[in-house]
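What follows draws every value from the coordinates through simple rules; no lab data is involved. These figures come from a predicted structure and were not determined experimentally. Glycine also receives a Cβ, built like all others from the backbone with ideal geometry; neighbour counts cover every protein chain displayed.
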Amino acid sequence: MTALFDLTGRVALVTGSSRGIGTALARGLADAGATIVLHGRDAQRAEATRKEFADVYGEDRVHAVAFDVTDPEAAAAGIEEAEAKAGPLRILVNNAGIQYRVPLLELDPADWERVIRTDLTSAFLVGREAARGMVERGAGKIINICSVQTDLARPSIGAYTAAKGGLRNLTRAMTAEWAGSGLQINGIAPGYIHTEMTQNLVDDPEFNSWILGRTPANRWGSVEDIAGPVVWLASDASNFVNGQTIFVDGGMTVVV
Ligand code: NAP
């Protein structure tokens with residue numbers, strides 16, 4: 001690990017890291033030396049992941065908190081708890097998110113609201129609570145996990161597409177207000193990633209061949225593909241990268 005990418009002694013909170021992509025991102029940051037705060041809504045699941053991490057990285061480098069990222073008071077209390085347990089936050093990855101597939105003509109406004117709150121409003125709520133301390137200390141990295149749907153639409157995921165598009169502009173808005181205080185806020189937009197959640201799509205021959213044909217790299221992404229770029233954006237190696245959204249998608253969004 002060269003010094004530019006070394007995260008030793010830096011505290012990182014990854015929302016939604018009790019499972020899925022968030023767990024892999026937290027592992028990447030821990031491998032680069034960071035002290036990790038794992039997070040989910042379900043406290044038991046977050047604690048189970050914490051125990052797995054503690055076996056590898058040691059008890060003193062791994063903590064866990066549980067709170068609902070859509071609740072303003074819970075977000076404020078959650079950041080306070082994370083900092084009480086692990087120390088001042090240097091890195092925040094806004095990763096918690098949900099998908100919901102229903103065509104717009106049939107979409108219940110309550111479900112629209114739920115997706116927007118979980119995939120967009122959460123980054124504002126958790127991001128600003130973390131930023132309060134970062135701005136005061138004059139250093140911090142916020143990484144918002146976007147999607148290829150930040151740029152491209154598909155039928156039946158309208159709320160998700162609107163939320164992920166908004167997340168790119170929230171990344172820019174945070175940059176406009178906080179970059180001058182020594183923070184770097186950027187987005188990572190993963191392409192189609194092979195996870196438990198997408199296993200049914202991988203197993204669907206028609207969808208799978210559409211993905212392979214539509215992706216210049218001719219494969220699904222892996223969770224490890226996302227971890228490297230996140231480590232870069234969390235480290236001093238990206239100190240003059242501000243307000244960008246980096247697409248990690250095997251080239252999907254640069255071809256038609
Ligand atoms: P996942 O496996 O469903 O995990 C979601 C995580 O978010 C869990 O830890 C969950 O905690 C947490 N979470 C959800 N709602 C929450 C809430 N209201 N409050 C607190 N925590 C909450 O999801 P994933 O597939 O890893 O996706 C992670 C991120 O990557 C999302 O932002 C997603 O949009 C993005 N992404 C995924 C893909 C893909 O191919 N999978 C592609 C592009 C982008 P609990 O278990 O406790 O509920």
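I need the shape label for the range 1-85. Rule: rounded when a/c is under 1.5, else prolate if a/b > b/c, else oblate, with a, b, c from the alpha carbon gyration tensor. Because a/c hits 1.5 or more and a/b exceeds b/c, the range 1-85 counts as prolate. Here the Kirkwood formula puts the hydrodynamic radius of the chain at 18.4 Å, using every distinct Cα pair.
Coupling constants for the range 35-41 follow from the phi torsions by the Karplus curve (6.51 cos²θ - 1.76 cosθ + 1.60, θ = phi - 60°), and in residue order they are 8, 10, 10, 7, 8, x, 7 Hz; glycine and proline get x.
Sorting check: for 222-228, 187-193, which peptide has the highest mean count of neighbouring beta carbons within 10 Å, and how do the rest follow?
Working: 222-228: 16.9, 187-193: 23.6.
Per-residue Cβ counts within 10 Å, averaged per peptide and sorted highest first, yield 187-193, 222-228.
The value of relative contact order for the chain, using C-alpha pairs under 8 Å at least six residues apart, is 20 percent. Quick check: Cα centre of the range 7-42 to Cα centre of the range 52-82, how many Å? The range 7-42 and the range 52-82 have Cα centres separated by 9 Å. Per residue, the chain reaches -14000 deg cm²/dmol at 222 nm when only DSSP H runs of four or more residues are counted, each adding -39500 (n - 2.57).
Sequence-ordered 3J(HN,Hα) estimates for the range 42-59 from the Karplus curve with 6.51, -1.76 and 1.60 and θ = phi - 60° stand at 8, 4, 5, 5, 5, 5, 4, 5, 4, 4, 4, 5, 4, 4, 8, 9, x, 4 Hz, glycine and proline given as x. The alpha-carbon of K164 sits under 20 angstrom from the alpha-carbons of these lysines, leaving out residues fewer than 8 places away in its chain: K141. Distance between the modelled labels on E80 and T8, one decimal in nanometres: 3.4 nm (7 Å Cα→Cβ projection).
When the chain is treated as a Gaussian network with alpha carbon springs shorter than 10 Å, the biggest mean-square fluctuation among F124, F67, F207 belongs to F207. The convex hull drawn around the Cα atoms of the range 111-256, when projected onto a plane and averaged over every direction, covers 9.2 nm². For A189, the amide hydrogen comes within under 5 Å of the amide hydrogens of C146, I246, F247, V248, counting only partners 5 or more places away or on other chains and with H modelled in the peptide plane.
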